[in-house]
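Heads up, the thing below is written out as structure tokens.
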Amino acid sequence: MEEEIIEKAVDWKQLLQEAFSALHQAKEQEAEEALQQVSLLGCIALKTSKFEEAQACFAQLLAVAEEKVSSTAYLHCVKNMLIMSARMRKEELFTQWLAAVEEKMCVALLNTEQAKAVDFIIALTFVVCDRRYSNCLPIIQNLAEKLIATIGDKALLQKLFNEWTSLIAQIARRRWDEVNGFLLSVLLKALLAKEDMQLLKHTLLLLNMHLQMYSRWDGFENAFLAYKELQYFYLQLLQKSGDVQIDEAVRKQYLVTALRYVREWIANVARVTMQDELDIIRQWQELLKANVPADLQELADVLVQLEILYWNQTKPKTSRKQLEYLMDLLEPNKITEVYYQVYEQIVWKA
């Protein structure tokens, strides 16, 4: 109805002038209503291909004083116009607007209710990834990282990471490697930064489930490549377990988490693909060695060898007859004393 009324308006210039004037003169609650009206006009202008008018509306969002409207209302108006520009497939306009409003969004995100801020960043991330707006990914990373750093509520963080892993699964199925790698990198970096083992384990469990389902759908090799950042992450956990500057109890947690979750997805992938676990272990080792950078080759060997030992120790019934077919991967021994000492302390608890 509003679109029909506006379409009948003989003078868009006058319409915008009135809306902008109302915004400038409005105070408190009226200011939010005026801003929403400007955002609505901008969306309608986009939908009716009046891009100059849409640009003028977005310029008003950029110019409005931070203290004039609530952060929640401001983000809502910005989101509406950004999403509408994406729906109209105006990538250049979307990218330009997102870059222009990045600084103000950062401030608004940190000042609004955190649950609403999480909803905002999830919605915006989905649009950017769904449209494959690669130039916008660094801005999304900046916004997401700054927001995540401020969130202390575990339940809210878990919600954000749950939504993020679901988006990863969707993008992985589309085989959009750049976007999928970006989403995994942001998530895994945030997990390390938070240093919350419970949250880390919960998120790894979700990622392992997606990896398992992908393997069933398109084979283990393609699943590995789609989730290769996750494999690099296990190497990071291994590195941390060998860092003597870190508290010993934390080092043990890093190592047992890496070995346990690798063991679990190996077992699950073997089951869904109807293969022996030794076959998955060997495929994993080959793919790991083929894909990690040269400076991580030695670390990859250590991870594989520790994983085989851990698998044999914690799943003796499964590994008893299969281990002999993996003995070549244990030679030469690449496990240094630092890593073996941590391993010895965790294996009896497994």
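The values are calculated or read from the model by the stated rules, or taken from the named source; none is laboratory data. Please read these numbers as outputs of a predicted model, since none were measured by experiment. FYI the Cβ positions are ideal-geometry reconstructions off the backbone, even for glycines, and counts take in every protein chain you see. These accessible areas exclude ligands, DNA and RNA; they are computed on the full protein's heavy atoms, side chains included. Shrake-Rupley method; radii C 1.70, N 1.55, O 1.52, S 1.80 Å.
Quick notes
- For the chain, the longest principal axis of the Cα atoms and the long axis of helix 154-174 meet at an angle of about 80 degrees.
- In sequence order, calculated HN-Hα J values of region 319-334 (Karplus, 6.51, -1.76, 1.60; Hz; x Gly/Pro): 7, 3, 8, 9, 4, 4, 7, 10, 4, 5, 6, 8, 10, x, 5, 9
- For Ile308, the shell of other residues with beta-carbons less than 12 Å away shows a net charge of -2, using +1 for Lys and Arg and -1 for Asp and Glu.
- Here region 207-269 is treated with +1 on each Lys and Arg Cβ and -1 on each Asp and Glu Cβ, and its dipole about the Cα centre works out to around 120 debye.
- Take the Kirkwood radius over Cα pairs of the chain, plug it into Stokes-Einstein at 25 °C and 0.890 mPa s, and you get 107 µm²/s for translational diffusion.
- Taking the 1.4 Å solvent-accessible surface of region 1-102 as the whole, the part contributed by carbon and sulfur is 48%.
- Cα-centre dipole for the chain with unit charges at Cβ (Lys and Arg positive, Asp and Glu negative), debye to 20: 960 debye
- Other residues within the sphere of radius under 10 Å centred on the Cβ of Gln212, judged by their own Cβ, net out at +1 (K and R +1, D and E -1).
- Charge dipole of region 255-350 (Cα centre as origin; +1 on each Lys and Arg Cβ, -1 on each Asp and Glu Cβ, all else neutral): 500 debye, rounded to the nearest 20.
- Length gained when the stretch Gln36-Arg89 is fully extended (0.36 nm per residue, less Cα-Cα span): 16.8 nm
- Radius 12 Å from Cβ of Leu187, net charge of other residues (Lys, Arg +1; Asp, Glu -1): -1
- Using the rule -39500 (n - 2.57) for each DSSP H run of four or more residues, divided by the residues of the chain, the 222 nm mean residue ellipticity is -26500 deg cm²/dmol.
- Listed pairs Lys146/Lys289; Lys13/Lys90; Lys27/Lys154; Lys154/Lys317; Lys240/Lys315 exceeding 30 Å between Cα atoms: Lys146/Lys289; Lys27/Lys154; Lys154/Lys317
- Rounded to whole numbers, the Karplus 3J(HN,Hα) couplings from phi for region 208-223 are 5, 5, 5, 4, 4, 5, 5, 4, 5, 7, 9, x, 5, 4, 5, 5 Hz, using 6.51 cos²θ - 1.76 cosθ + 1.60 with θ = phi - 60°, and x at Gly and Pro.
- Taking all protein chains as they are arranged and a probe of 1.4 Å, the heavy atoms of Met81 leave approximately 0 Å² accessible to solvent.
- With the simple model of a label 7 Å out from the Cα in the direction of the Cβ, Lys321 to Arg216 spans 2.5 nm.
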